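Read through the structure below, which is laid out as structure tokens, and then see the notes.
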Amino acid sequence: MTECSGGRAASGPTFRELFTPKLATVLREGYGLAALRADFLAGITVAVVALPLSMAIAIASGSTPERGLLAAIVGGFLVSALGGSRFQIGGPAGAFIVLVAAAGQRHGLDGLLLATAMAGVMLAAAGFLRLGTYVKYIPYPVTVGFTSGIAVIIFASQVRDLFGLSFLGPEPGELVPKLFALADAAGTVNVAAFALAAGTIALIVLVKRWRPHWPAMLIAVAAAAIATTLLALPVETIGSRFGSIPAGIPIPQLPVISLELARAVLPDAFAFALLGAIESLLSAVVADGMTGRRHRSNSELVAQGVANVASAAFGALPVTGNIARTATNVRAGARGPVAGMLHSVFLLVFLLVAAPLASHIPLAALAGVLAMVAWTMAERHAFVGLLRASRGDAVVLLATFGLTIFRDLATGIFVGFALGTLLFLHRMAQSISVEAMPLVADDAPDGEGRVPYDGAQASRRDVLVVRVSGAFFFGAAAAIGAALDRVAERPRTLILDFAAVPFLDSTAARTIGQTATRLTRNGAQLIVTGASADVCRVLLANGVGPPDAKLAASIEAALAASTG
């Protein structure tokens, strides 16, 4: 007797369902003038937000402002055109500042561009291997931990420009040496720079409070640039530090490729890919929550991969989906990916027509913009809530946060994920239950918690039914095995009811096989009932079946087939 209660497993989604860009879906559904008008307005709105952010992120990353704009233009266009989300906005992200700055310091521009291209290949490969489904399993404390850690590092990186400090040497990249260097330079505060930064922050806060639909960051940066020019303030500007921004886009070319350089930048490329996957899919999930739509995670990773390879070819920064700009896109009334594509077109128009104006923007104002970005990223309420939630969540959160700040982002994510996984396994192992269910005749009083059977078999006391509830996996195998050992000596027929077991792995199946062998040696038998098709498959694959064990669809069928 080999019977299972479950049916045949459903087939998974097709290749077309997984990788068709949302742009194709939107166009196939019908795209009219009203939708184009809505996407046009949303694209302008997002471009206004992305303009100062893209330059600020590039400067904070140790690069030049035009590389941030190019990332938003080239990468942002491809993310929207090829991606699996209707509303995703791609471009340089604040979360990348730490990684990009470190990679640029270690390997120079050639190494940074090669790492970006390699990350793109990794992301595309992850998408085609259908790994996008698994990125969402990053524990929430890990996400909050590394996001808050990045926010702290971003703010620390902007203190120099916020106060207009002057360093005798290059600014250290690591947090602790940076703090000592900032303390040593405390006597060089530029009052005008600090006033501009404070005014920028105050204006952003006021505009967001009184006119939330206005582009607060662009208004604040423009006001700071006008004040700097009219008052001839003695502060650093984009023009004084970087020169004028080129009014055009470069000819695409492959990054410098060598085996030695590729080996050197491999850890950076992997960190870019990992953070890019997490950020882009989190952003897509946020858009889904705001609109009720569903994104295609693997298609999104492929698009992110292509966008990063193209961004590197144009000499730009790494690209990922951005939560703030994507949310702005949704709130602005976007209908589909065309809005994101138009946002890139509008940024291109600015680069071609108005790039010289950007040279008047004071760096203190951009530092104020990034200080606001860091404040938003910090997720203060979520951080405090997780500290209070449970000891396990607090440990995962603090480990990720601390390692992100004092070590590096990749280490923080890996250690946090490992701790979160161990915590989850411990909780799952504790949640599984084993309950002996004695038989009772149908007409017997107080039959609660027992298995009813035909009263004609009332003389049978050699059958024991044990119900297992919960995921049965390696974390719980030892405890379940010990419990079964205690009852395996008693009955001539042991019925294991797996109706409430949604999952079983090979370690658990081996435990059941050992129990079946022990029962067979004692002249008894084991019958597994209620197992789903997937659980049955794992049991049979691990040798749990005739002659040592039988599989039955129900307890009733097992009782009828049991020998007493």
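The values are calculated or read from the model by the stated rules, or taken from the named source; none is laboratory data. Note that the coordinates shown come from a computational prediction; the quantities given were computed from them, not determined experimentally. Glycine gets a Cβ as well: all are built from the backbone with ideal geometry, and neighbour counts include every protein chain shown.
For a quick check of your reading of the model, give me the residue pairs whose first member lies in the stretch 119-146 and is charged (D, E, K, R), whose second is crowded, with 24+ Cβ neighbours inside 10 Å and at pLDDT below 90, with beta-carbon atoms closer than 8 Å and at least 6 apart or on different chains.
Taking only residues 6 or more apart or on different chains, the pairs are Lys136/Leu281.
Any residue that is at pLDDT 90 or above, polar (S, T, N, Q) and under 18 Å from the mean Cα position of the chain (by Cα) - is there at least one of those in the stretch 344-364?
No, every residue in the stretch 344-364 fails to be at pLDDT 90 or above, polar (S, T, N, Q) and under 18 Å from the mean Cα position of the chain (by Cα).
Across the stretch 339-357, what is the number of residues that are surrounded by 24 or more Cβ atoms within 10 Å (Cβ to Cβ) and among the aliphatic types (A, V, I, L, M)?
Of the residues in that region, 2 qualify.
Here are the criteria: (1) out of contact with any Asp or Glu (no Cβ under 7 Å at 6 or more places or on another chain); (2) touching a residue at least 12 places away in the same chain (Cβ under 8 Å); (3) among the basic types (Lys, Arg). Tell me which single one Arg209 does not satisfy.
Checking Arg209 against (1) out of contact with any Asp or Glu (no Cβ under 7 Å at 6 or more places or on another chain); (2) touching a residue at least 12 places away in the same chain (Cβ under 8 Å); (3) among the basic types (Lys, Arg), the one that fails is (2).
Of the residues Ser280, Ser258, Ser240, Ser244, which single one is within 21 Å of the chain's Cα centre (by Cα) and of a type outside the set (A, V, I, L, M, F, W, C)? It would help to see each step written out before you state the result.
On the way: Ser258 fails: within 21 Å of the chain's Cα centre (by Cα); Ser240 fails: within 21 Å of the chain's Cα centre (by Cα); Ser244 fails: within 21 Å of the chain's Cα centre (by Cα).
The conditions single out Ser280.
From the list Thr511, Thr515, Thr520, Thr507, which residue is in the same structural domain as Gly475 (by TED's automatic domain parsing), more than 19 Å from Ala482 (Cβ to Cβ) and assigned to a helix (DSSP H, G or I)? Spell out how you get there, then give the answer.
On the way: Thr511 fails: more than 19 Å from Ala482 (Cβ to Cβ); Thr515 fails: more than 19 Å from Ala482 (Cβ to Cβ); Thr507 fails: more than 19 Å from Ala482 (Cβ to Cβ).
Of the residues listed, the single one that is in the same structural domain as Gly475 (by TED's automatic domain parsing), more than 19 Å from Ala482 (Cβ to Cβ) and assigned to a helix (DSSP H, G or I) is Thr520.
Hand me the list of helices (runs of 4 or more DSSP H) wholly inside the stretch 8-67 holding 2 or more residues that are aromatic (Phe, Trp, Tyr).
Answer list for the stretch 8-67: 15-19.
Residues being farther than 14 Å from Asp505 by Cβ and out of contact with any helix residue (DSSP H, G or I) (no Cβ under 6 Å at 6 or more places or on another chain): count how many of those fall in the stretch 541-550.
Residues that pass the stated criteria total 4.
Have a look at Arg460, Arg510 and point out the one that is out of contact with any Phe, Trp or Tyr (no Cβ under 7 Å at 6 or more places or on another chain), among the charged types (D, E, K, R) and modelled with pLDDT of 85 or more.
Every option except Arg510 fails the conditions.
When you look at Arg388, is it among the basic types (Lys, Arg) and buried (at least 24 other Cβ atoms within 10 Å of the Cβ), yes or no?
Against the criterion (among the basic types (Lys, Arg) and buried (at least 24 other Cβ atoms within 10 Å of the Cβ)), Arg388 does not qualify.
Failed condition for Gly523, given (1) at positive phi; (2) modelled with pLDDT of 85 or more; (3) more than 34 Å from the chain's Cα centre (by Cα), with all others met?
Failing condition for Gly523: (2).
Kindly list, by first and then second residue, each pair from a residue in the stretch 38-49 that is crowded, with 24+ Cβ neighbours inside 10 Å to a residue that is among the aromatic types (Phe, Trp, Tyr) and part of a helix (DSSP H, G or I), limited to pairs with Cβ atoms under 7 Å and residues at least 6 apart or on different chains.
Hits for this filter: Gly43/Phe346; Ala47/Phe346.
Could you list, in sequence order, the residues of the stretch 138-191 that are in a helix (DSSP H, G or I), touching a helix residue (DSSP H, G or I) at 6+ places or on another chain (Cβ under 8 Å) and charged (D, E, K, R)?
Listed by number, the residues that qualify are Arg160, Asp161, Lys178.
Residue by residue, here is whether (1) buried (at least 19 other Cβ atoms within 10 Å of the Cβ); (2) of a type in the set (Asp, Glu) holds:
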position: Ser244; (1), (2): no, no
position: Pro252; (1), (2): no, no
position: Leu261; (1), (2): no, no
position: Leu266; (1), (2): no, no
position: Phe270; (1), (2): no, no
position: Glu279; (1), (2): yes, yes
position: Glu300; (1), (2): yes, yes
position: Thr328; (1), (2): yes, no
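Among the residues of the stretch 386-393, are any in contact (Cβ under 8 Å) with a residue 40 or more places away in the chain and within 20 Å of Ala93 (Cα to Cα)?
First, pick out the residues of the stretch 386-393 that are in contact (Cβ under 8 Å) with a residue 40 or more places away in the chain: 386, 393.
Next, only the ones that are within 20 Å of Ala93 (Cα to Cα) stay: none.
Scanning the stretch 386-393, I find no residue that is in contact (Cβ under 8 Å) with a residue 40 or more places away in the chain and within 20 Å of Ala93 (Cα to Cα), so the answer is no.
Kindly provide the set of residues from the stretch 404-420 that are free of Cβ contacts under 8 Å to residues at least 24 places away in the same chain and in a helix (DSSP H, G or I), ordered by number.
Hits for the stretch 404-420 are Thr411, Phe414, Val415, Ala418.
Kindly check whether there is at least one residue in the stretch 177-188 that is of a type in the set (Val, Ile, Thr) and touching a residue at least 40 places away in the same chain (Cβ under 8 Å).
Among the residues of the stretch 177-188, not one is of a type in the set (Val, Ile, Thr) and touching a residue at least 40 places away in the same chain (Cβ under 8 Å), which makes the answer no.
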